Amino acid sequence: MSENKVTLESKLTVVSSRPVKSGKTHKLSGVDHAMGYHTLHLIFYYKNEEKWFGSFELDPLRESLSEVLSIYPTVTGRLAREKEEDGGDWEVRCNDAGVRVIKANVDCTIDEWLSSSAFGFDETQLIAWDDMPHDTSTWSPFRIQILQIYHFNSTIPLDNSVVFTHHRIRTNQINKQFQEGGLAIGLSCSHMLSDLTFASSFLKSWSQTHRHYPISHPPFFNPITPNNINNVPNSSSKPQTIITSSTNNIVTATFKFPSSIIKQCLSKIQNTTCSNATPFDFLSALFWTRVTHLKPSKVHNQNHSLSICRDFRKLVKPSLPIGYFGNALHFSNLSIKVQDMENGQLEDMANLIHKHLKEVTEEEIRSSIESFETRKESTPKCMYGSELTCVYMEEEESASLLYESMFSNSEKPAHVSCRIGNVDSEGLIMVMPSSEGGFARTVIVMLQEEELGKLCNDQEILKLEPTIILAGCLVQH
Amino acid sequence: MPPILPDFSSSVKLKYVKLGYQYLVNHIITLTLIPIMIGVTIELIRLGPNEILNLWNSLNLNLVQILCSSFLVIFIATVYFMSKPRTIYLVDYACFKPPVTCRVPFATFMEHSRLILKDNPKSVEFQMRILERSGLGEETCLPPSIHYIPPKPTMESARGEAELVIFSAMDSLFEKTGLKPKDIDILIVNCSLFSPTPSLSAMVINKYKLRSNIKSFNLSGMGCSAGLISIDLARDLLQVHPNSNAVVVSTEIITPNYYQGKERAMLLPNCLFRMGGAAIMLSNRTTEKRRSKYRLVHVVRTHKGGDDKAYKCVYEEEDREGKVGISLQKDLMAIAGEALKSNITTMGPLVLPASEQLLFLITLIGRKIFNPKWKPYIPDFKQAFEHFCIHAGGRAVIDELQKNLQLSTEHVEASRMTLHRFGNTSSSSLWYELNYIESKGRMKKGDRVWQIAFGSGFKCNSAVWKCNRSIKTPIDGPWADCIDRYPVHIPEIVKL
C-alpha cells in the first residue's frame, strides 16, 4: 500500500489546569452502554502552521487544552464499573487523571494528503488508538493526536533557526526548513462516552479557549432520564470488556460534492416531489441506491432497509444542549420494497427519507431511550453497519460546530474527517458539512474494500463531480 | 523529647509566675537602671541648680582634658562602628510559580507509575502508599519532560527546565526590586543535582548580560540546605565588599534525576520532589535599609558528616540495573533529630532571651552537680521567634520538628501548606513558606523568623531574619491566586 509516512514522536498526558473535586462520578446512560461497541475518531486538518509549537511542550495548544479540560472533568476521568450492589454498570470516575496526547509527524504536505490523487494516504495511520484493556483504570478513554504535517524539501538550504516561545526559551536547533506546513488535530474516544456532536463541541470549546473567546457550547452533564428505572442486577456475570476486534475489511472514502451541483439537484427534487428537500435527503437517497446496487441482489418481495442515525438533542423536550455529554442518538429504520427502489426515481427516494425524518416523534425517541436503559446489562452490539446505516447531522449547527473550530486567527479547518471504529460489513454513510459551505457536502462512506472500489467508479455518483479524497481503495477515473 | 517541667505546669497560677519570671529576667537591666535614674534625678532636684553649677566648676577642666576625653570618645566610637559587621538586608525575593500545564494530580502520577513499572506491582504499591501519606496536594508540578510516557530526561530538557525556573524567578525579582542586571555584584546559584558546563551561574550571566567583574559562584551537590549555605556565603562576601548587591538563586532541577528504576528506597524522592525555585536579593547598602523586607541576624551551620551513618543516610548510587537514584535510609529521621539538636545548641545562646538561657543554665548545673536524673530543659524557642520556616522535606520532617520544638499547629502551618501546594521544592521551599506567611498578612515589623533546612551530608542549617517593615497584603507571588483557600486540612491518608 503506502509507505508509512507517520512517525510517532511522543506520548504524554495533559491534565486540567484546575484540580477536580475528588469523588465525582458520572453514570453512563443506556444509550451510552449500547454504543460501547464502537469508537469515534474526528480529525481536523489545518493548513497554516504558524507558530503552533514552541519547544518544551509549553506550547499554546497545551495550555489552552489544560484550561478547557477544567470544565470537562469527565473527559479526564477513567472508566470503571460500578459496584455490584449499585448495578455494576459503566461509569466515569472523575479522578483528574488527564487525557493522553500523542504527537506525531507526517511526512507530506497537507495538500498532497487532501488531494484526489491520494491513494493509500490512509487516515487510519493518523489515528493512534489503543483498544480498551481489561483494566480500564489506567486507560485514557479520550485520546488527542496532534500531527504535525510537514515536508522536508532538500533543495532549500539548511537553516539553523532558533525559535522563541513567549517564555523566551531557546529550543533545540531546528535544522530543517519545512515547507507548506500544516496540522491535523485528532480526537478519538470510545463511543460509549461521546457522540459526534459532543466530540466536535469539545474541540470547538478548545479552539475558543485557545483564542480567548467565551465558550459557546459548555458541557452539560445531567442524565437524559432521572434514575427511576430500577435496574434489577443481573445475576449472570457482566462482560468486563467490550469485544472490539472486527475482521471485516472496511475502508473509507470521502466524497466532496460542490455546492453548485447539489443546488442543481436539489432544485430538481424541490420542483418535483418534495418541496423542502435538504441535501441530506438527496445524498442519502443517492448513496443508498448506489450502495444497494453493489450488494448481492435480493428477491423481489424483500425489503431494502436503511438505518438512519440522528442526534435527538433538539427533538426531546426539554431539549438537550449541544454540550450534552454522552450519546444522544436515535436509530430509526426505513424500509422500501425492492421493486419500489428499482422502479422509483431518486426524487421519490429523497421524498421518502425526508418524510421519515420529519415523522419521528418524541414518544418514539423516549421509548427507545427506555429500551436501551433496560438493556444496559447486555453486551453492546454493533449499531453501525449491521444494516446499512446513514448518519444525519443537523445542517446549520453541525457546520458551525465543525468548521468554525479555529485555532489561529480565523483560519477554518481545511477539512474535517470523521470515522467510526468497528463498523460492520453492511456499511456506513455519513453526510457531513463541507469546508466550502452553502450546499456543499462531504460524504464519508465506510464499506468493504471491493464494494467501495466499485462505488468510487460509479457513474451516477461521478456525474456529480465529486472530489474523492482519503480513499482507502483504488480510484480509477 | 518529653515535656520538661514537672506536671504542675497545668496550673494557671504557674503561668503567671512564668510570665513574671520571664519579664523580670529579660528586662533586668531596665529594671535596675530605672530606680537608679530615679534616685539620681531626685538627688539632683534636691541639690538645686546653684549647687549643680558649683559642682561643675569645681571639676577644673582645662582645654587639654576636654580635648583628650572627646578624642577618646570619638576614637572608641570609630573603632566600634568600623569593626561592627555590616548589616545584611534582604531587599526582596521572588519565587517561581510553575505553569498549570505541569500540574501532576495523584491519579496521573499513579497512572504513569503503573504504566511504566507494569512489571513491578510491589514498587507501584509502595509509591501509592508514600503518596497517600505524603502531605502533598493535587497542584504540585513536575517539569514537562516527566509528563511523557516514558519520561524523556534529556540534557536539553534539563537546561530548558533550569532556564524556565531560574529566568522566571529572576525576571520577577527584577520587577519587584527595580534592580538592574548590571548592578549585581555577587551572584550565587545553588542547584544540587544538575551541574552542566558552563555552570548555571554562567547561564544566568549570559542571559542577563551581567558585568564582567561579577563575583559568581555555583554551588552544587550540597542538598536541600544549600539555600542557606548560599545565604551564608553571600553574607561573608558582603562583609568584604562594601556597597554591593548580591543575588542568590536557589533551585532544584528535577528532569535529569527522575529515577527510572524500581528500587523502592530510590523511588521515594520521585514521589516528593517537585519543581520550584527562588531568587533573593541581598544588599549591604544603607540606602536599601528603608525598603528591605528583612535583616539577616544569624546563620548557624551544623555538619554531621563526620559520623558515618549521617554521611550515608542520603546517598546517590546505582541500583542493581545500573540506574542512578538517591537512596534514603530508614534512620533519616533519627539523624535529622540529632543534627537539629546540635544546631539548636549553637543557636540557643544567640537568640534565646535571658530568661530561657538562665533556666537552661540552672538545669544544666543542677544536672551536673545535684542530680543527673533531672530532665534536660528544652528551651522554648517560641519566645525567641514569631515565625518558623521548616524545610518542607516531607511530612515526617515537619512532624518531627513540631514535636521536638513543641511548636503549635499555627507555627508549622506555613511548612505544611507549602508541602501541600508545591511539594518538596528542595532548597527553595523556605522561601515559599516565608511567602505564605507574608501572604497571610502575619509578618509585622520586628518579627523574627527562623528558617531551618536539612540536607544530605548530613547538614542542618539555620538562618534568623528580623522583619524590617510590616508587609501588607495582598502581595504578588506564587500564593497570590490560592492563599484564600489555605490553610486546608490535610488528612493522614488520602484515599487514592
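Coordinate-derived values only; no laboratory data. Note that the structure is a prediction, hence the values are computed from the model and not measured. All Cβ positions, even for glycine, are placed from backbone atoms using ideal geometry, and neighbour counts span all protein chains on display.
In table form, for the structure just shown:
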quantity	calculated
Largest to smallest principal axis extent of the C-alpha atoms in the stretch B:88-469, angstrom	62, 55, 38
Global form of the stretch B:255-396, assessed from the alpha-carbon gyration tensor, a/c cut-off 1.5	oblate
Cβ-based charge dipole, the protein assembly as shown, positive-most Cα from A:255, B:487, B:47	B:47
Approximate spin-label separation residue A:298-residue A:271, in nm, with each point projected 7 Å along Cα-to-Cβ	3.3 nm
Euclidean distance between Cα centres, the stretch A:391-417 to the stretch B:213-264, Å	53 Å
Under the Karplus curve 6.51 cos²θ - 1.76 cosθ + 1.60, θ = phi - 60°, whole-Hz ³J(HN,Hα) for the stretch A:327-341, x wherever Gly or Pro sits	9, 10, 10, 10, 9, 10, 10, 10, 10, 9, 5, 4, 5, 5, 5
Simple Cβ-charge dipole of chain B, Lys/Arg +1 and Asp/Glu -1, about Cα centre, in debye nearest 20	700 debye
Across chain B: Cys residues that no other cysteine approaches within a C-beta distance under 4.7 Å	B:68, B:95, B:191, B:224, B:271, B:313, B:389, B:460, B:467, B:482
Volume of the Cα convex hull of the stretch A:413-453, divided per residue and given in Å³	81 Å³
Where a label projected 7 Å from the Cα of residue B:76 along Cα→Cβ would reach, residues of the stretch B:19-55 with amide N under 12 Å	none
Loop chymotrypsin sites (Phe, Trp or Tyr not before Pro), the stretch B:417-472 (other Cβ atoms within 10 Å of the site Cβ: 12 or fewer; DSSP)	none
Summed residue charge, Cβ within 14 Å of residue B:150's Cβ, Lys/Arg positive, Asp/Glu negative	+4
Computed helical MRE - 222 nm, chain B, DSSP H runs ≥ 4 contributing -39500 (n - 2.57), nearest 500	-14500 deg cm²/dmol
Per residue convex hull volume, Cα atoms of the protein assembly as shown, in Å³	253 Å³
Neighbourhood net charge (11 Å Cβ-Cβ; Lys/Arg +1, Asp/Glu -1) for residue B:120	+2
Degrees between helix B:121-133 axis and first principal axis of chain B (Cα, 0 to 90, nearest 10)	30 degrees
Options A:296, B:363, B:464, ranked by Cα towards positive dipole end of the protein assembly as shown, top entry (Cβ charges)	B:363
The stretch B:115-216: trypsin sites (Lys or Arg not before Pro) in DSSP loop, at most 11 other beta carbons within 10 Å	B:118, B:209
Relative contact order, percent, chain B [alpha-carbon distance under 8 Å, six or more residues apart]	20 percent
